[in-house]
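One structure is given below, encoded as C-alpha cells.
Read-outs: derived from the displayed coordinates by stated rules, not from any lab. Note that this is a predicted model, so its numbers are computed, not measured.
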Amino acid sequence: MSGKRKDKRFQLRSCRIQIDKQSFLGLKTKSIGKVMLVNLSVSGLQALAGVRLTPGDKYKIKIITNTFPPMDVNGEVMWSKLQKGKNFENYYRSGFSFIKMPDSFKENLKRLEKDPMLREVTRSIV
C-alpha cells in the first residue's frame, strides 16, 4: 500500500455486502460471515469482519444498495488489521481492491461518488 488513496472514499447510508472466498479456480467456496461496509470507492472498499483476511487472497463481493440492483465484483485483499471494539470484541478491518470490474459496476460507483443524494437513499432493502 503506497499510503495515497487512488480514489475518493465515501459511505452509503443503507448498504449490505456479502464476501465469499474464492477457490484456486475462481469458484465461490464459502461466505466469510457477517461483514460490515466501512467505506467504498470506485477502486475498492474497506470492511469489518470477524476473521482476519489474508492479503493477496481473492474474494467475490456482492454490494447491495437501495439505489442500484445488486453489484457483483471480484476483489483482492490488500491489508487486514486487528481492531479492538467496545466490550472487548475483536474484529478485523480489511481493505479490498476491485479486480475484473464490469463497466456497469464502475459507472454505478462513479454515480454514487458524485451524488450525495444517491448515497442517502434509505428505502428498505429486500
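With 20 Å as the limit, the listed pairs Lys21/Lys86; Lys6/Lys34; Lys21/Lys114; Lys8/Lys58; Lys8/Lys110 have Lys21/Lys86; Lys6/Lys34; Lys21/Lys114; Lys8/Lys58 beyond it between alpha carbons. The ellipsoid that matches the Cα gyration tensor of segment 15-109 has semi-axes, each √(5λ) in whole angstrom, of 21, 16, 12, with the longest given first.
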